[in-house]
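What follows is a set of notes on a single structure, which appears directly below.
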Amino acid sequence: MDLNFSPEELAFRQEVREFVATSLPADIQHKVLNGLVLHSEDYIRWQKILHAKGWGGSGWRKEFGGTGWSAGQQYIFEEELAAAGAPRMVPFGLKMVAPVIMQYGSPAQQERFLPKILAADEWWCQGYSEPGSGSDLASVKTRAVLEGDHYVVNGQKTWTTQGQYADWIFCLVRTDTEVKPQRGISFLLIDMKTPGITVRPIITMDGAHEVNEVWFENVRVPVENRVGEENAGWTYAKFLLGHERTNIAGIGIAKREIARLKRIATLETKNGKPLIKDPMFASRIAQVEIDLTALEITNLRVLSAEAAHRAPGPEASILKIKGTEIQQAITELLVQAVGTYALPLRREAMAAGYQGDAVGPFYATPLAANYLNMRKLSIYGGSNEIQKNIISQMILGL
Ligand SMILES: Cc1cc2nc3c(=O)[nH]c(=O)nc-3n(C[C@H](O)[C@H](O)[C@H](O)COP(=O)(O)OP(=O)(O)OC[C@H]3O[C@@H](n4cnc5c(N)ncnc54)[C@H](O)[C@@H]3O)c2cc1C
């Protein structure tokens, strides 16, 4: 096992760093580095810049217009982007439905959907969860009944991230109620403009409109928009969930946020001295950094195993749990660093270019909202309790 980057990988890192330094728009970078509100246009603009460079599909195979990069290169790429303050790539098209279409979609589906995902011409959202079907995903109830050459879909999805922008939604739907739950699910690609679809906002505790309910009432979906076989959707659903292995730990983002924490702790004071000199606070920052270093080594071990063509296994669960715990711990320390100035939740002041009254220093404004928003990390993508179940069964053999 070799945990060092090769000379080629180091040269690649330099190439990525130089490209991002010259190509990442300053206004987008400003928002990311300061935790301000990003709009869908920001994500789309950045993806189009990457696409123009030929780097739009960092995890895609070359035959579909991707880079064909190794797992190590993808890791370096995302780490450099995060460090520079690039927006996180919206995963639903690029990292979720695209791999499924590449693996199981028909040539017509590949031709129709993949180029528009790569070019950020179409925005996707994920229609997996339902009320009562989150961790227990196989129990989805949204019904699709075949009538001629269309499925008629009725039901409700929930927690649909950025569904308000989406052109398309990929959905798990029930096509057979008589069999074991996993055997009666199909995977549909649904145009969000189809009559009968209603998107209703869910406002989260940070005041953001990030997630939605999506309702389906007699929504007619052409049968050619089913991926693969009818009732085999559970296989594709699991493939999708297991696909995004690298960068699940969010190491690059955590490093960037620790740098921000240190900047703020240098500006804040305690007993007349910079907060960062306070032994208690400094030791808490150090603890997070130690945890992050340990996680980074674990992540590199996983990458090294992937390079040796061993499929990543349940260790992805370790990366998810520790990575999300670290990111949440950083948001806690950020709030504690500014104390009472973090208390007001003022979303209007989180817009770039806000000119209104300030409560406390500029950098304090988004910290409470960021803290509240990041609670989601241990819930979605398979909750951390579910990841612990996987570790107990697959690693500990309990
Ligand atoms: C901000 C946000 C964005 C999301 N975006 C999307 C999206 O775009 N598309 C989408 O489809 N879904 C999305 N989700 C849904 C997410 O995948 C689910 O919330 C998640 O799977 C948990 O399901 P649940 O909320 O139904 O909770 P439940 O499954 O009801 O779980 C409730 C609690 O019980 C625990 N629990 C459940 N089962 C077990 C078990 N067997 N052992 C131990 N503990 C257990 C859970 O860990 C949790 O703490 C999003 C969620 C959030 C919070």
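The values are calculated or read from the model by the stated rules, or taken from the named source; none is laboratory data. All values reported here derive from a predicted model rather than from experimental measurement. With ideal geometry, Cβ positions are generated from the backbone for all residues, glycine too; neighbour counts draw on all protein chains shown. Only protein heavy atoms, including side chains, enter the accessible area calculation; ligands, DNA and RNA are left aside. Shrake-Rupley method; radii C 1.70, N 1.55, O 1.52, S 1.80 Å.
Tell me, please, whether a residue that is on the phi > 0 side of the Ramachandran plot, at pLDDT 95 or above, of a type outside the set (Val, Ile, Thr) and open to solvent by less than 60 Å² (accessible area, probe 1.4 Å) can be found in the stretch 25-37. The answer is no, given that none of the residues of the stretch 25-37 is on the phi > 0 side of the Ramachandran plot, at pLDDT 95 or above, of a type outside the set (Val, Ile, Thr) and open to solvent by less than 60 Å² (accessible area, probe 1.4 Å). It is to be established whether one or more residues within the stretch 67-81 are out of contact with any Lys or Arg (no Cβ under 7 Å at 6 or more places or on another chain), crowded, with 21+ Cβ neighbours inside 10 Å, under 21 Å from residue 302 (Cα atoms) and among the hydroxyl-bearing types (Ser, Thr, Tyr). The answer is yes, given that some residue of the stretch 67-81 is out of contact with any Lys or Arg (no Cβ under 7 Å at 6 or more places or on another chain), crowded, with 21+ Cβ neighbours inside 10 Å, under 21 Å from residue 302 (Cα atoms) and among the hydroxyl-bearing types (Ser, Thr, Tyr).
In the set 387, 327, only one residue is surrounded by 16 or more Cβ atoms within 10 Å (Cβ to Cβ), within 16 Å of the ligand (Cβ to nearest atom) and within 27 Å of residue 269 (Cα to Cα); that residue is 327. Taking every residue in the stretch 333-344 that is under 17 Å from residue 254 (Cα atoms) and pairing it with any residue that is open to solvent by 90 Å² or more (accessible area, probe 1.4 Å) and not in a loop (DSSP other than H, G, I, E, B), at least 6 positions away or on another chain, the pairs with Cβ-Cβ distances below 8 Å are 333/284. Annotation: of all residues in the stretch 106-162 being in a helix (DSSP H, G or I) and either in contact (Cβ under 8 Å) with a residue 60 or more places away in the chain or among the aliphatic types (A, V, I, L, M) (or both), the one that is farthest from the ligand (Cβ to nearest atom) is 108.
From the list 207, 272, the one residue that fits, being open to solvent by less than 40 Å² (accessible area, probe 1.4 Å) and not charged (D, E, K, R), is 207.
For (1) modelled with pLDDT under 95; (2) over 20 Å from the mean Cα position of the chain (by Cα); (3) of a type in the set (A, V, I, L, M); (4) away from the ligand (no atom under 16 Å from the Cβ), each residue gets a yes or a no:
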{"position": "289", "(1), (2), (3), (4)": "no, yes, no, yes"}
{"position": "318", "(1), (2), (3), (4)": "yes, no, yes, yes"}
{"position": "341", "(1), (2), (3), (4)": "yes, yes, no, yes"}
{"position": "356", "(1), (2), (3), (4)": "yes, yes, no, yes"}
{"position": "368", "(1), (2), (3), (4)": "yes, yes, yes, yes"}
{"position": "383", "(1), (2), (3), (4)": "yes, no, no, no"}
